[in-house]
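Where a number appears in this text, it was derived from the coordinates with a stated rule and is not lab data. Every value quoted in this text rests on a predicted model; they were computed, and no experiment measured them. Heads up, the Cβs are rebuilt from the backbone with ideal geometry, glycines too, and the neighbour counts pull from every protein chain shown.
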Amino acid sequence: MIARMLLGVAAATMLMATPARAQLAPEWPSCVELRFTPDERVRSCTVLIKSGREAPKNLAAAYSNRGNAYAAKGDLDRAIADHSAAIRINTDFANAYLNRGSAYFRKGDFDRAIADGNEAIRLASRLGMTGTLIVAYENRGIALRNKGDQDRAIADFNKAISLNPRDAVAYFNRGLSRQAKGDKAGGEADIATARQLHPGIGQ
């Protein structure tokens with residue numbers, strides 16, 4: 001199961017990469033699960049990466065999960081390197097593009113965040129990964145909003161809401177984009193909806 005982790009309204013969202021289930025090594029839970037500390041996840045994922053026993057898709061998942069752990073530690077360059085390694089191994093890895101885009105966003109590199117969002121959306125659409133697709137639209141919209149492209153940002157938030165009408169993150173960020181365009185009433189309405197769905201969002 002993919003776990004969605006909200007990093008903050010102004011930041012992007014990461015998705016954990018899950019390995020194929022056949023004969024999992026004992027390090028997998030502490031590589032993937034958020035109940036473990038980032039340092040524990042880095043150690044366990046590194047064991048899996050160095051073991052030489054993982055199939056390609058599982059190896060890519062280990063790299064991407066280690067990338068998420070590095071991002072949680074604030075080591076964004078290592079996070080980007082690991083997600084890039086995951087993509088080289090599995091070019092259809094939508095979540096690795098999504099996660100790398102999140103790291104680029106946190107570095108302030110909105111253009112690369114948008115480019116990775118484009119690829120995550122393309123792959124998630126083709127592979128029928130609705131959860132990933134929703135988060136990818138949110139993330140790309142947030143990056144576009146931070147670049148000042150409010151119209152395209154709103155279009156992405158609209159798409160996220162069409163896929164999940166209870167998407168508080170998309171409502172909140174659409175509200176911010178509407179306010180930035182001078183639509184105070186529309187922005188306030190979206191932010192109020194977001195806070196009905198997720199009390200405390202943006203605070």
*From the phi of every residue in the stretch 102-114, what ³J(HN,Hα) in whole Hz does the Karplus formula 6.51 cos²θ - 1.76 cosθ + 1.60 yield, where θ is phi - 60° and glycine or proline is x?*
4, 5, 4, 4, 5, 7, x, 8, 5, 5, 5, 4, 5
*Sequence neighbours fewer than 8 away in the same chain don't count; with that in mind, list the lysines whose C-alpha is under 23 Å from K73.*
K50, K107
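How big is D, in µm² s⁻¹, for the stretch 82-134 by Stokes-Einstein at 4 °C and 1.567 mPa s if Rh is the Kirkwood radius over C-alpha pairs? Kindly include the intermediate steps, with their values, before the conclusion.
On the way: Rh = 10.7 Å.
Result for D is 121 µm²/s.
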*In straight Cα distance, which aspartates and glutamates are under 17 Å from K57, not counting same-chain residues fewer than 8 positions off?*
E27, D82, D92
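Quick check on the chain: what are the equivalent-ellipsoid semi-axes from the Cα gyration tensor, as sqrt(5λ), descending, whole Å?
That gives 31, 16, 15 Å for the three semi-axes.
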*For K147, go through the aspartates and glutamates and keep the ones whose alpha-carbon is under 19 Å away, minus same-chain ones fewer than eight residues off.*
D109, D111, D116, E119, E138, D156, D183
*Among H83, H198, what is the fewest-to-most ranking by other Cβ atoms within 10 Å?*
H198, H83
*Express in nm, to one decimal, how much length is gained between A189 and D92 on full extension, taking 0.36 nm for each residue of separation and deducting their alpha carbon distance.*
31.1 nm
*Could you tell me which of G175, I87, N164 has its Cα farthest along the dipole of the chain towards the positive end, charges placed at Cβ (Lys, Arg +1; Asp, Glu -1), taken about the Cα centre?*
I87
